[in-house]
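Below: the structure, in structure tokens.
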Amino acid sequence: QVQLVESGGGLVQAGGSLRLSCAASGSIFSINAMGWYRQAPGKQRELVARISSGGSTISADSVKGRFTISRDNAKNTVYLQMNSLKPEDTAVYYCNVNLMGTWGVVVDYWGQGTQVTVSS
């Protein structure tokens, strides 16, 4: 089994910052990529940022210049540093990990989600 533990969400004022983290543990052989997605009420889940095990990144245009994704491969942990937060960033943020399990299958795992609320 694989477990993802997310932390770092909360309520902040516009212009503030939050740092999300997601740690993967369990029956992991290797991690291909880790990323963050978010879903606001009434909207589809969307990619925020993603990082490969080699360090290459992609991010949504709406967060470029404000959010930074990083990872610690040794700890199987991915971070999302969110600066200059806007009310439209309010959503539930989900960690996603694409990995090879020790049983030899590539699978996606999702974290439980953490609420980010940005007040005006």
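Quick look at the values:
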read-out	value
Accessible area of region 38-83 belonging to carbon and sulfur atoms, whole % at 1.4 Å probe	44
Under the Debye formula (equal points on every Cα, no solvent term), log10 I(q)/I(0) of the chain at q = 0.12 Å⁻¹	-0.40
Protein-only accessible surface order, largest first, of E46, E6 at 1.4 Å	E46, E6
Residues of region 61-114: accessible area per residue with a 1.4 Å probe, Å²	48
Percent RCO, i.e. relative contact order, over the chain, from Cα pairs under 8 Å lying at least 6 residues apart	36
Linear extension gain, V105 paired with T57, 0.36 nm per residue minus alpha-carbon span	14.9 nm
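The values are calculated or read from the model by the stated rules, or taken from the named source; none is laboratory data. Just so it is clear, the structure is predicted and the values come from calculations on it, not from any experiment. The accessibility values were calculated without ligands, DNA or RNA, using every heavy atom of the protein model including side chains. Shrake-Rupley method; radii C 1.70, N 1.55, O 1.52, S 1.80 Å.
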